[in-house]
Structure formats: C-alpha cells, structure tokens
Amino acid sequence: MKQLTRILLLVIAMARTSSISSAQTKPRPTDEQALIALDRQWTAAELRLNDADRKTIAGIVADDYMDITPFGQVENKAQYMAALKHTEDTEVADEYVVRFFDGGKLAVMSHRGTVNWEANLPQHPRVGEARK
C-alpha cells in the first residue's frame, strides 16, 4: 500500500509539473488571431504605404480580388493597387468577429473600423472619386 501511495504521489507531482510548464509556454496563435493580425498588417501597410508596404499588400490581396468602394464602384486588384496613396489617416479596428465554415476551409471576418480622415477630406482619394 505504501508503494502504491508513493507511485500515486509521484504521478500527481509529475502532472502538476507538466501543467505548470505548459502554462508558461507561449500559446500558438489561433486561426482567428492570425486572420486578425493579417487584417491589421494590411491596414497598417495601406496607411503607411511605402514600397515595402506595396509588396506586402500585393502578397495579401488575392489576384482575383474584387472591391466595392463606398461609392458603389467595382475595383479589381490592379485598380485597387493603383488607387492606393499614402495618407496621414488613422484607423482603429475593433469588435472583430471571425466565423469558420466548411470545417475551417472558409472564414468570414468582420470588424468595426473607425477612420480619422476629416483633416484630409479635400485630398482624400475616395472623396476625389465621388467628385469626378
């Protein structure tokens, strides 16, 4: 009986040590976290927009990308990339919701984005489109 008690205590001690060490390791990002990080990387690149950022955006945006502008115009990837311009705008994105379908093969993500572009309103590329 003493032998069994010692073995049981050893197993419990090993389990505690294992759970403590696993709790201290940095968790791998989930698919949801990875998609949110990618969205934030894309937005930061759009706002900063140097040559490296253009390459980043081109790598993120699919070749068959289609966008509907706030004014109802349809843009493909080439048109979207050509319309990008550096701005002093800022954006805060929050309230992310990511849903996965078809066993994780499809993700739909939405979020609230608050853009501060009033200071640049007369020169803003999207406003210029509406005035054409």
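The values are calculated or read from the model by the stated rules, or taken from the named source; none is laboratory data. These numbers come from a predicted model, not from an experiment. Note that each Cβ is placed from the backbone with ideal geometry, even for glycine, and that neighbours are counted across all protein chains shown.
General remarks:
- Looking only at region 30-56, residues that are touching a Ser or Thr at 6+ places or on another chain (Cβ under 7 Å) and farther than 18 Å from Thr90 by Cα come to 0 in all.
- In region 48-82, the qualifying residues are those that are of a type in the set (Asp, Glu) and surrounded by 11 or more Cβ atoms within 10 Å (Cβ to Cβ), and the one that is farthest from Asp31 (Cα to Cα) is Glu75.
- Filter pass, Lys2 being among the basic types (Lys, Arg) and at pLDDT below 90: yes
- Every test in (1) part of a helix (DSSP H, G or I); (2) more than 19 Å from Arg99 (Cα to Cα); (3) in contact with a strand residue (DSSP E or B) (Cβ under 9 Å, 6 or more places away or on another chain) is passed by Asp67 save one, and that test is (1).
- Within region 83-119, the residues that satisfy the criterion of being surrounded by fewer than 10 Cβ atoms within 10 Å (Cβ to Cβ) and small (Gly, Ala, Ser) are Gly103, Gly104.
- In region 87-104, the residues that are in a strand (DSSP E or B) and touching a residue at least 12 places away in the same chain (Cβ under 8 Å): Thr90, Glu91, Val92, Ala93, Asp94, Glu95, Tyr96, Val97, Val98, Phe100
- Residues in region 31-86 that are without any contact (Cβ under 8 Å) to a residue 24 or more places away in the chain and of a type in the set (Val, Ile, Thr): Thr56, Ile60, Val61, Ile68, Val74.
- Condition check for Ala13 on (1) loosely packed, with under 10 Cβ neighbours inside 10 Å; (2) modelled with pLDDT under 85: one failure, at (1).
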